[in-house]
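A short worksheet on the structure shown next.
The values are calculated or read from the model by the stated rules, or taken from the named source; none is laboratory data. Computed from a predicted model, the values in this text were never measured in an experiment. Virtual Cβ from ideal backbone geometry, glycine too; neighbours counted across all protein chains shown. To get the accessible areas, we keep the full protein, side chains included, count just its heavy atoms, and leave off ligands, DNA and RNA. Shrake-Rupley method; radii C 1.70, N 1.55, O 1.52, S 1.80 Å.
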Amino acid sequence: MTAGIEVRGLTKRHPGARLDRPALQNIDLEIPHRQFVSLIGPSGCGKSTLLRILAGLDRADTGQVSLLGRSPKQASRRKAIGLVSQTPALLPWLTVRQNVALPGKVNRRAGSKIDSPDELLRAVGLEESADQYPHELSGGMLQRVAVARALGLRPDVLLMDEPFSALDEFTREALQYQLLGLWQQRATTVVFVTHSVREAVVLSDRIVVMSARPGRIHEVLDVDLPRPRDRKVVKGPHMHDLEDRVRASLQSAWKAGAAPDDLVPL
Ligand SMILES: Nc1ncnc2c1ncn2[C@@H]1O[C@H](COP(=O)(O)OP(=O)(O)OP(=O)(O)O)[C@@H](O)[C@H]1O
Ligand SMILES: [Mg+2]
């Protein structure tokens, strides 16, 4: 089993954070290469913080992090990481096509294969928007451009922070299948943040349930659904059992995170 991502004893406190609690405490996580893992947990439990540390954009205070045997910074320098951040950061003065093409122009690994921007835009259903500018797109369209851009370099590790959260249900489902297809074709490790239990189950090999205050790993659940996750699998009874298990785990994680008294589900 090749180690894809290894995190040992990670703790992170944001500098200047008003609360005295760390954002992440004692995170241990091992993800074999080519596995698809989802992170799910209450708002504020540190999912984006963890993803930014994996991407080399932020540093842990304590602990070790490695991606394919390298530090996040080294992996990022070797263009091994693709990141779709929670708020898509596109360059406003470039068209959609130019935004998608940009990583391939400035970051290309020597000899590596990259996809054409038009192919990538077709994969996310945005071929007609190639010549538009970011300010002309909806929130869900911007998310799709960010996904296309991250896929373009064929990274070894793909980190995705709620990439489909602004999409309608049908576009979201279509993109989930696209993503699974690409993940199966390419040797990629995926860490996928979502608030959707169903999305986590449909996509993942394992689901990491986190709790908040401070952010910790509450439970790791195996998703023993066969692949490919076609409609028959996704509509089968085991899917519902798994969704129930994740929901129960989330509920106990939510309680463990000592949610404020005035925030109680109906
Ligand atoms: N730059 C920062 N400075 C100070 N505190 C921060 C910073 N970024 C995040 N935090 C705090 O760290 C904690 C975790 O934030 P993070 O964005 O990682 O949560 P999340 O799990 O991604 O939440 P959501 O589901 O709402 O996106 C929160 O308490 C947040 O207020
Ligand atoms: Mg977040």
For the stretch 125-141, name all the residues that are more than 16 Å from ligand 2 (Cβ to nearest atom) and not charged (D, E, K, R).
-> Gly125, Leu126, Ser129, Ala130, Gln132, Tyr133, Pro134, His135, Leu137, Ser138, Gly140, Met141
Would a scan of the stretch 251-258 turn up a residue that is in a strand (DSSP E or B) and either within 16 Å of ligand 2 (Cβ to nearest atom) or surrounded by 21 or more Cβ atoms within 10 Å (Cβ to Cβ) (or both)?
-> no
Can you confirm whether the stretch 221-242 contains a residue that is surrounded by 14 or more Cβ atoms within 10 Å (Cβ to Cβ), within 16 Å of ligand 1 (Cβ to nearest atom) and not in a loop (DSSP other than H, G, I, E, B)?
-> no
Any residue in the stretch 166-184 that is over 25 Å from Gly139 (Cβ atoms) and not aliphatic (A, V, I, L, M)?
-> yes
Pair list, Cβ < 7 Å and 6+ apart or interchain, from the stretch 126-145 residues that are closer than 17 Å to Gln178 by Cα and charged (D, E, K, R) to residues that are open to solvent by less than 20 Å² (accessible area, probe 1.4 Å) and part of a loop (DSSP other than H, G, I, E, B) = Arg144/Val124; Arg144/Leu126
Can you spot a residue in the stretch 12-19 that is surrounded by 20 or more Cβ atoms within 10 Å (Cβ to Cβ), within 16 Å of ligand 2 (Cβ to nearest atom) and under 17 Å from Phe192 (Cα atoms)?
-> no
Under the condition of being among the aromatic types (Phe, Trp, Tyr) and not in a strand (DSSP E or B), which residue from the stretch 173-213 is nearest to ligand 2 (Cβ to nearest atom)?
-> Trp183
Among the hydroxyl-bearing types (Ser, Thr, Tyr), within 16 Å of ligand 2 (Cβ to nearest atom) and in contact (Cβ under 8 Å) with a residue 12 or more places away in the chain - does that describe any residue in the stretch 154-172?
-> yes
Do any residues in the stretch 38-67 that are over 21 Å from Leu203 (Cα atoms) have Cβ atoms under 6 Å from those of residues that are of a type in the set (S, T, N, Q) and surrounded by 19 or more Cβ atoms within 10 Å (Cβ to Cβ), where the two are at least six apart or on different chains, and which pairs are they?
-> Gly56/Ser76
